[in-house]
Amino acid sequence: MAVELNHTIVWCRDQQVSATFLSAMLALPEPIRFGPFLEVEVANHVILAYHETDGDIASQHYAFLISEEEFDEVFGRIEERGLDHWADPGQRRPGTINHDDGGRGVYFSDPDDHLLEVITRPYGSGD
């Protein structure tokens, strides 16, 4: 049996704001309602299911593998929106990107302070 990740719940304050932010930043289809969730599906059919809470939200990390062309587009949106961004998950290298594994990567926060990452090469795959 092949094991695949099907979905994960992303806790948020306002699911419309948070799910729309992700879909806009990554140029994904509009979020779709499914019960109490607002879902965003990525190309490999994994669903990020946004669910609202009034409780504490622990910051999570979500990494997305994209093409070089898509990186240019996403990074352009980061800059257009004036979003803080970092080359590293510890947020010690602000305002720049990384070139890990011979690709490019950048971290930025969503409206609920989840740390989003876009990379053009999987970790451990290159130089």
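A few remarks follow.
- Screening Val17 with (1) outside any helix (DSSP H, G or I); (2) in contact (Cβ under 8 Å) with a residue 60 or more places away in the chain; (3) over 12 Å from the mean Cα position of the chain (by Cα) gives one miss only, at (1).
- Among the residues of segment 52-67, the one identified as surrounded by 11 or more Cβ atoms within 10 Å (Cβ to Cβ) and acidic (Asp, Glu) is Glu52.
- Residue match in segment 68-77 (condition: part of a loop (DSSP other than H, G, I, E, B) and either surrounded by fewer than 14 Cβ atoms within 10 Å (Cβ to Cβ) or within 12 Å of the chain's Cα centre (by Cα) (or both)): no
- Among the residues of segment 20-44, those identified as open to solvent by less than 50 Å² (accessible area, probe 1.4 Å), hydrophobic (A, V, I, L, M, F, W, C) and in a loop (DSSP other than H, G, I, E, B) are Leu26, Leu28, Val42.
- In summary, Phe37 fulfils each of the numbered conditions (1) within 14 Å of the chain's Cα centre (by Cα); (2) without any contact (Cβ under 8 Å) to a residue 40 or more places away in the chain with the single exception of condition (1).
The values are calculated or read from the model by the stated rules, or taken from the named source; none is laboratory data. These numbers were taken from a predicted model, which means no experiment stands behind them. Counting neighbours? That spans all protein chains shown, and the Cβs are built from the backbone with ideal geometry, glycine included. These accessible areas exclude ligands, DNA and RNA; they are computed on the full protein's heavy atoms, side chains included. Shrake-Rupley method; radii C 1.70, N 1.55, O 1.52, S 1.80 Å.
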